[in-house]
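What follows is calculated from the coordinates using simple rules that are stated; it is not laboratory data. The model shown is predicted, which means the values in this text are computed figures rather than measured ones. For neighbour counting, all protein chains shown are included, and Cβ atoms are generated from backbone atoms with ideal geometry for every residue, glycine included.
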Ligand SMILES: [Ca+2]
Ligand SMILES: [Ca+2]
């Protein structure tokens, strides 16, 4: 099931990990420092840390230079409710460890416009689910149309066949009536 929840969870846990190191509140400088701190190498997700860094001012809603837990929670739950933009998804796809698989990122980005049913430039989990349902339905219809077409050609026989014995039921009937 393709879902963006891994992204929201990753952003949440990355914020929580960073915030636990800077008890006075997480500043832009803190994030930059944490990203270069070798002690964090195994515990800090660089993709999400980079996202928090480059989107700092959007996360710091009151503009006091610190991302509070409430601000992080608000922003991430808002993201989860309204969905993610193409630019956000493109930025988050930057590394393999970014909440969802690389192929899921590609799938969403390649089908972004068709998937964005309400046309607001954001993709939500509901839109992904609806798109998948629609795609599955269209695939089934294609398959049925193809099956109907191949049944039809069996019925009419192979016109290109040079064999004289390969009359289809229809052409045989036609011939019989004519004679
Ligand atoms: Ca703030
Ligand atoms: Ca949308």
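Structure notes:
- Cβ-to-Cβ counts within 10 Å put 28, 59, 52, 133 in ascending order as 133, 28, 59, 52, the fewest first.
- Rounded to the nearest angstrom and listed largest first, the equivalent-ellipsoid semi-axes of the range 4-59 from its Cα gyration tensor are 16, 13, 11.
- Subtracting the Cα-Cα distance of residue 101 and residue 117 from their residue separation scaled by 0.36 nm leaves 3.5 nm.
- Angstrom value of the Kirkwood radius, inverse mean 1/r, which spans all Cα pairs in the range 25-98: 13.1
- Shape category assigned to the range 1-158 from the gyration tensor of Cα positions, a/c cut at 1.5: prolate
- Between residue 24 and residue 151, full extension at 0.36 nm per residue minus the direct alpha carbon distance yields a gain of 38.5 nm.
- Between the range 134-152 and the range 42-82, the C-alpha centres lie 45 angstrom from each other.
- Ranked list, fewest to most other Cβ atoms within 10 Å of each Cβ, for 141, 33: 141, 33
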